[in-house]
Structure formats: structure tokens, C-alpha cells
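Visitor: My questions all concern the structure below.
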Amino acid sequence: MGCDIHLCIDYDVKGYKKDTIRTEHFAKLYGERDYLLFGLFTNGYVRIPEADGFAPDPKGIPERLSWKTLDEYSYCIIKDSDKEPWEGAVFESSARRYIQGDYISSRLVQSDGNGKLEYFDGDPDSIDLAKERWRVTGPDWHTPSWLTADELRNVLVNYSKVGEQLWDNGYYPISAEVIGWYGALRALEDDKDVLQARLVFWFDN
């Protein structure tokens, strides 16, 4: 079965109130099915075990997400009595099934108004999911993580070298698209008002 990547760029800036931080969304990205890249992004955890040593172990989803990235990573929960779920929503019965053993990667999550994530790890039967406005992460998502510009640069520098070591059948250039991701991260980090920029990603199947 194929494995796909989902990517977004988020960045932190100072909040509107003193000593607060808010998380903004820069872009949703569309990555090709590049298993060498997947392995390098995750220190060998996804598809290419030999690609370890070039990025951190998967860190999980960051503690802060923009609302747009949260929308990509999770679904609104609606009551079963609603006629049908819209794109980006699931029925409450489906959400409960996701988090009660059928899909062990799913979790209940929500964000405050500035982007800091909250998780619910209690008994899901104790709350009305649709009323409490918890969201549920995608049932097929796995190995979430994030990279800074410096961490992504390390992947770019080593991409061709690792590919040539693994498969002795030609040159492995990194795609211009991925180089563009790095350029965007670096430009954001160079802005004096940006506290941190990061490439957030996760996989399915």
C-alpha cells in the first residue's frame, strides 16, 4: 500500500496580549510520494530505515498549530442526527470508534485561540464530543513530526548522497519543490517578528 505525506508551514509570532504567542499558517503543501525523502524526514522511521542519522526522530505534532493546520490534521465532530458530514467533519459515532481501538493513532484534540494544542486522554464516553467541540485526528494519520529550516537543510544536503548509497543506479536530485519549502522556512525565520517557523508533516497508510 502506498504512503502519502501531508505538509503545512506554520510560524509563531508575538500575541496581541503581552507575553503571549499566536501561531499563524503560511501554506499547505503538496508533496510527491518520495520514500527517500520520507525516510530522511523521519530518521528512517517511514519506508527507508537506512535513512537514519539525518533528521531527529519523529517529534509528534508540535505543541502549537495554526487553525488551518489543525483543520488539515483533524476533523470537526458532529452529531449523528445531522443529515451528513461536510468535508472536514465526522459523525460522533465514527469519532468514538476512531479513538476506542479501531484506529490507535486517533486522538481528541483542540486548540485555544492562539494555537496551543490541548489533548483529551480521559474516557470519551464521559463527554458529549459534538457539544464539547473536541476534534478527532485523522484515523489513518501516523508519524507526525516537524522540522526547522536548519533540520530541513540537513535533509537537502544529504538527499542525493543517501540515494546514491542505497541504490547504485543514477543521480538522485532533490526536487525544486522541496528546495522551495526550505526557502520559505528560511525567509520566515529571517523575519524579525517571527519567533519560529516549522514544516509540519504527517503520513497516511
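What follows is calculated from the coordinates using simple rules that are stated; it is not laboratory data. Keep in mind the model is a prediction, meaning the values are calculated, not measured. Quick reminder, even Gly has a Cβ in these numbers, built from the backbone with ideal geometry, and neighbours come from all protein chains shown.
Visitor: Is there a pair in Lys68/Lys116; Lys28/Lys161; Lys14/Lys192; Lys28/Lys68; Lys14/Lys116; Lys17/Lys116 whose C-alpha atoms are over 18 Å apart, and which pairs would that be?
Guide: Numbers: Lys68/Lys116 13 Å; Lys28/Lys161 28 Å; Lys14/Lys192 11 Å; Lys28/Lys68 8 Å; Lys14/Lys116 13 Å; Lys17/Lys116 15 Å.
Check vs 18 Å cut-off fails for Lys28/Lys161.
Visitor: Another one. Lys and Arg at +1, Asp and Glu at -1: add these up for the other residues within a Cβ distance under 11 Å of Arg186 and post the number.
Guide: Numbers: positive: Arg153; negative: Asp150, Glu189, Asp190, Asp191.
My count for the surroundings of Arg186 gives -3.
Visitor: If you don't mind, another one. Going through the range 3-54, which chymotrypsin sites (Phe, Trp or Tyr not before Pro) have at most 15 other Cβ atoms within 10 Å and a DSSP loop state? Mind showing how you got there, number by number?
Guide: Values: sites: Tyr11, Tyr16, Phe26, Tyr30, Tyr35, Phe38, Phe41, Tyr45, Phe54; in loops: Tyr16, Tyr30, Tyr45, Phe54.
In loop regions of the range 3-54 (DSSP not H, G, I, E or B), the sparsely surrounded chymotrypsin sites (Phe, Trp or Tyr not before Pro) are Tyr16, Tyr30.
Visitor: Just tell me which lysines come within less than 20 Å, Cα to Cα, of Lys83; anything on the same chain fewer than 8 places away is out.
Guide: Answer for Lys83, where 20 Å is the Cα cut-off: Lys131, listed by chain and number.
Visitor: Which residue, chosen from Val90, Trp134, Gly15, occupies the Cα position most advanced towards the positive end of the dipole of the chain, where the dipole is computed from +1 (Lys, Arg) and -1 (Asp, Glu) charges on Cβ about the Cα centre?
Guide: Gly15
Visitor: Check each of the GluC sites (Glu not before Pro) in the range 17-64 and keep only those in coil by DSSP with at most 16 other C-beta atoms within 10 angstrom; list them in order. Present the calculation step by step, with values, prior to reporting the outcome.
Guide: Working: sites: Glu24, Glu32, Glu50, Glu63; in loops: Glu32, Glu63.
Hits after loop and neighbour filter: Glu32, Glu63.
Visitor: Could you compute the FRET efficiency for Trp167 and Ala27, with r as their C-beta to C-beta distance and R0 at 30 Å, rounded to 0.05?
Guide: On the way: r = 31 Å, r/R0 = 1.03.
Once rounded, the FRET efficiency stands at 0.45.
Visitor: Could you tally the net charge around Glu177, taking each other residue with its Cβ under 11 Å from the Cβ of Glu177, Lys/Arg +1 and Asp/Glu -1?
Guide: Working: positive: none; negative: Glu32, Asp34.
Here the count lands on -2.
Visitor: Hey, rough spin-label estimate for Asp123 and Ser175, points 7 angstrom out along Cα→Cβ, what's it come to in nanometres?
Guide: Spacing of the two 7 Å Cα→Cβ label points: 4.7 nm.
Visitor: Then there is this: Using only Cα positions of the range 9-49, each an equal point scatterer, no hydration layer, compute I(q)/I(0) via Debye at q = 0.15 Å⁻¹ and quote the log10 values to two decimals.
Guide: Once normalised to I(0) and log-transformed, intensities are -0.58.
Visitor: Follow-up question, since we're still on this one. Before rounding to the nearest 500, sum -39500 (n - 2.57) across all DSSP H runs of length at least 4 in the chain and divide by the residue total; then give [θ] at 222 nm in deg cm²/dmol. Please report the intermediate quantities before stating the final value.
Guide: Numbers: 6 runs with 57 residues, N = 205.
Theoretical 222 nm ellipticity from helices: -8000 deg cm²/dmol.
Visitor: In debye, nearest 20: dipole of the chain around its Cα centre with unit charges on the Cβ of K, R (+) and D, E (-)?
Guide: Values: 24 positive and 37 negative charges, 98 e Å.
That gives the chain a dipole magnitude of about 480 debye.
Visitor: Report, for the range 4-204, the % of DSSP beta bridges that are antiparallel, rounded to 5.
Guide: Values: 33 of 36 bridges.
If we restrict to bridges inside the range 4-204, about 90 percent are antiparallel.
Visitor: With the cut-off at 1.5 for a/c, could you classify the range 4-204 from its C-alpha gyration tensor as rounded, prolate or oblate? Write down the numbers at each step before the final one.
Guide: On the way: a/c = 2.46, a/b = 1.47, b/c = 1.67.
Cα axes put the range 4-204 in the oblate bin.
Visitor: Using 7 Å Cα-to-Cβ label points, what is the Arg133/Lys17 separation (nm, one decimal)?
Guide: A separation of 1.6 nm, rounded to one decimal place.
Visitor: Then there's this: Taking the Cα of Asp190, stepping 7 Å toward and past its beta carbon, and measuring to each backbone N in the range 135-152: which are under 18 Å?
Guide: Only 148-152 fall inside the zone, counting backbone N under 18 Å.
Visitor: Where Lys and Arg each count +1 and Asp and Glu each count -1, what net charge lies around Asp10 among other residues with Cβ under 9 Å from its Cβ?
Guide: Details: positive: Arg64, Lys68, Arg198; negative: Asp12, Glu24.
Result for the local shell: +1.
Visitor: Amide H neighbours of Leu29 under 5 Å, at least 5 residues apart or on other chains, H built in the peptide plane: list them.
Guide: Hits under the 5 Å cutoff: Leu7, Cys8, Ile9.
Visitor: Same structure again: Can you tell me what the convex hull of the Cα atoms of the range 1-75 projects to on average, as an area in nm²?
Guide: Working: hull surface 25.7 nm².
Spelled out: convex hull of the Cα atoms, projected over all directions, averaged, 6.4 nm².
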